[in-house]
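Here is the structure we will look at.
The values are calculated or read from the model by the stated rules, or taken from the named source; none is laboratory data. Not measured: the values here are computed from a predicted model. Here the Cβ positions follow ideal geometry from the backbone for every residue, glycine too, while neighbour counts run over all protein chains shown.
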Amino acid sequence: MEKKVSLVIPMYYEEKVAKECYKRVKECLEKLDNYDYEIIFINDGSKDKTLEILEDIANENKKVKVISFSRNFGHQAAVTAGLQEVTGDAIVIIDADLQDPPELIPDMLKKWEEGNEVIYGKRKTRKGESAFKLLTAKMFYNTLNALSDVEIPKDTGDFRLVDRKVVDVINSLPEHNKFLRGLFSWVGYKQYAYEYERQERFAGETKYPLKKMLKLASDGIISFSSKPIKLVGALGIFSIIVSIVILIYALISYIFKLNNLSAGWTSIMVAVTFFAGVQLLSLWVISEYIGRIYDEAKGRPQYVIDKKINIEK
């Protein structure tokens, strides 16, 4: 019986890449034996010619489906929208920039045929990325795994091939701020690390500047760990200990006349600023969790779709 593979490809201002991405993906999929395929492109609110190019491709090839958002909702929302529409037995999530080569899909399908249900891409090398990007990525995964109750593989992104039943579980999860690479680890199943060399972008610029990287890091840590909020209590205890030490020091200094007024003023200011910093940090951590609860309570959709092409209603 012929099986079907679905590709989910989010796009945001990728007019320079869209045609080449489709060409390479199509060539790869048409070489597969005993596999039907579909390609789902998600236009994440691009204002350039990305949607126009995708519409032309979808008109030529009915196996190409297009979802277009009403505005930019973010990479994770775009992937989530694509996962909601897949009809295949095996689903591949891949970015449009061709840093993750689509030519690896046949080998990943072989690993799936062997019984692996989540085959995630693990980067051996990352060409074309700055030392700052590599350093922050390493720090992110080390911090995330130190705080999280679920181990999330290092040097991975969203590039992966997953079984249909895994996608069904992911689609059933109601949370709003999804960190997908963490969720694919959280659900379990038989997982396999597929090592590969990540290439440079085919064209264009990265759509993950520092601001979006920090947002993704925040989503990952808060979604998979309650330890930051527990650290608030630890900071409180530490602050009490510091205040007792300062009090003892002040009493000894007063009794034995070890310090003058200026030094006493300095110690007070240090203590005040320290405790103020601890309080503000604690409020920030707590507010992040409360903000997520607020997002869930509002019940707003994760994204708004403006247009669908080649997708049955």
Practice item. Under 8 Å between Cβ atoms, at least 6 apart or on separate chains: pull out the pairs that start in the stretch 167-185 with a residue that is charged (D, E, K, R) and end on any residue that is buried (at least 19 other Cβ atoms within 10 Å of the Cβ) and assigned to a loop (DSSP other than H, G, I, E, B). Key: R181/I152
Practice item. Return yes when F132 is among the aromatic types (F, W, Y), at pLDDT below 80 and more than 13 Å from the chain's Cα centre (by Cα) and no when it is not. Key: yes
Check your understanding: Which of the residues spanning the stretch 26-44 are in contact with a Leu (Cβ under 8 Å, 6 or more places away or on another chain), modelled with pLDDT of 90 or more and under 20 Å from Q99 (Cβ atoms)?
Key -> I39, I40, F41, N43
Check your understanding: Quick one: how many residues across the stretch 171-212 are modelled with pLDDT of 75 or more and among the charged types (D, E, K, R)?
Key -> 7
**Study point:** Answer residue from the stretch 98-129, given it is of a type in the set (D, E) and surrounded by fewer than 21 Cβ atoms within 10 Å (Cβ to Cβ) and is modelled with the lowest pLDDT among those
**Key:** E129
Review point. Which of the residues belonging to the stretch 29-76 are among the aromatic types (F, W, Y) and surrounded by fewer than 22 Cβ atoms within 10 Å (Cβ to Cβ)?
Key: Y35, Y37, F73
